[in-house]
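The structure appears right after this line, and notes come after that.
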Amino acid sequence: MLIRVGFEIAYSCPQPVATVLKLGIERGRTSDLLNPDTIRVEPNVPLREFTDSFGNRCTRLVSPVGVTRLKTETIVRDSGEVDRVNPDAREVPVQELPDEALRYLGGSRYCEVDKLGSFAWSQFGGVRPGWTRVQAIFDFVHNHLEFGYPHARPTRTAAESLEERLGVCRDFTHLSIALCRAMNIPARYCNGYLGDIGVPPDPAPMDFNAWTEVYLDGGWYTFDARHNIPRIGRIVVARGLDAADIPMIHTFGPHWLQEFTVITEEVVEQQQQVALQQATQPQAKAA
């Protein structure tokens with residue numbers, strides 16, 4: 001299937017402000033893009049790309065005084081398959097974990113593993129290790145927290161989510177991650193595009209989504225405490241220990257959000273033909 005994704009975001013600054021964007025689709029999906037995922041910035045300012053320690057695409061710029069507008073749109077070729085499920089996946093003992101997975105075991109800004117350790121072991125210590133235990137954690141978070149956009153608070157931590165019993169997708173994700181890590185299961189934070197594909201449409205405006213990747217049986221598996229069902233068409237933008245590692249727009253000074261529009265939608269059959277033709281035209285001209 002083909003999925004159209006993109007955004008238009010505008011924010012204002014009272015003075016020139018150094019800025020880092022983490023809004024580009026992960027490099028692992030580059031070959032799936034029918035056209036480049038290039039961020040257009042208005043007004044035109046110098047941009048420089050780099051890769052952070054988690055492998056995320058980052059863009060540096062200086063946001064000028066006034067309104068800065070960010071735009072991108074592309075079409076992604078996707079398998080159309082739901083998130084991979086493997087009920088037989090086993091937990092990997094810490095001593096057998098690959099070195100790169102160890103960083104996803106400790107506490108982080110929003111995931112207080114030390115505070116939640118006793119609760120996690122009392123709640124899930126008796127559950128069969130592996131996929132069953134991880135799914136029990138996500139079932140618990142899904143049922144324990146009440147989702148609602150008015151509940152959003154950028155400083156809420158996993159422990160506070162557990163106590164307050166409410167939040168948005170980042171809070172569901174932080175609590176799930178903290179409980180997994182407390183059980184010595186590596187877990188990392190993801191954000192990206194997730195449209196209403198294969199599920200009833202959500203009347204709320206489209207937004208970026210957060211979910212979790214958990215390391216089991218030699219690989220990373222996708223879990224999502226907010227929706228808690230396998231979904232179609234996830235497109236990762238960035239990964240980190242928690243949301244603090246992957247702010248979409250990080251300005252080193254004040255800014256105020258003016259506009260925020262996200263597109264994530266399946267391209268219907270007739271549109272697919274047009275999109276494929278448009279994607280191949282440049283190669284045809286070059287030939």
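Taking Ser108, is it among the hydroxyl-bearing types (Ser, Thr, Tyr) and more than 23 Å from the chain's Cα centre (by Cα)? Against the criterion (among the hydroxyl-bearing types (Ser, Thr, Tyr) and more than 23 Å from the chain's Cα centre (by Cα)), Ser108 does not qualify.
Given the residues Glu266, Glu259, which is the only one that is at pLDDT 60 or above and closer than 16 Å to Leu34 by Cβ? Let's see the steps before the verdict.
Values: Glu259 fails: closer than 16 Å to Leu34 by Cβ.
From the options Glu266, Glu259, the qualifying one is Glu266.
Restricting attention to region 63-81, the residues being touching a strand residue (DSSP E or B) at 6+ places or on another chain (Cβ under 8 Å) and loosely packed, with under 14 Cβ neighbours inside 10 Å number 4.
Number of residues in region 99-116 that are assigned to a loop (DSSP other than H, G, I, E, B), out of contact with any Pro (no Cβ under 9 Å at 6 or more places or on another chain) and either within 23 Å of Gly218 (Cβ to Cβ) or at pLDDT below 95 (or both): the value is 1. Residues of region 159-189 that are polar (S, T, N, Q) and buried (at least 21 other Cβ atoms within 10 Å of the Cβ): Ser161, Thr173, Ser176. Here the condition is being of a type outside the set (Val, Ile, Thr) and surrounded by fewer than 14 Cβ atoms within 10 Å (Cβ to Cβ); of Gly192, Gly126, Gly107, it holds for Gly126 alone.
Can you confirm whether Ala243 is surrounded by 12 or more Cβ atoms within 10 Å (Cβ to Cβ), modelled with pLDDT of 95 or more and among the small types (Gly, Ala, Ser)? It is true that Ala243 is surrounded by 12 or more Cβ atoms within 10 Å (Cβ to Cβ), modelled with pLDDT of 95 or more and among the small types (Gly, Ala, Ser). For region 93-100, indicate whether the set of residues that are assigned by TED's automatic domain parsing to the domain that holds Val199 and within 22 Å of the chain's Cα centre (by Cα) is non-empty. Looking through region 93-100, at least one residue is assigned by TED's automatic domain parsing to the domain that holds Val199 and within 22 Å of the chain's Cα centre (by Cα). Within the group Arg84, Arg156, which residue is exposed (fewer than 12 other Cβ atoms within 10 Å of the Cβ), outside any helix (DSSP H, G or I) and either under 18 Å from the mean Cα position of the chain (by Cα) or at positive phi (or both)? None of the other options fit; the residue is Arg84. Before we move on, is Phe119 at pLDDT 95 or above, outside any strand (DSSP E or B) and over 19 Å from Asp224 (Cα atoms)? In short, yes.
Determine, yes or no, whether Leu179 is out of contact with any helix residue (DSSP H, G or I) (no Cβ under 8 Å at 6 or more places or on another chain) and in contact (Cβ under 8 Å) with a residue 60 or more places away in the chain. Answer is no for this residue. Say whether the condition of being of a type in the set (Lys, Arg), assigned to a strand (DSSP E or B) and assigned by TED's automatic domain parsing to the domain that holds Asp139 is met by at least one residue in region 167-178. Looking through region 167-178, none of the residues is of a type in the set (Lys, Arg), assigned to a strand (DSSP E or B) and assigned by TED's automatic domain parsing to the domain that holds Asp139.
The values are calculated or read from the model by the stated rules, or taken from the named source; none is laboratory data. Given the structure is predicted, the values throughout are model-derived calculations rather than measurements. With ideal geometry, Cβ positions are generated from the backbone for all residues, glycine too; neighbour counts draw on all protein chains shown.
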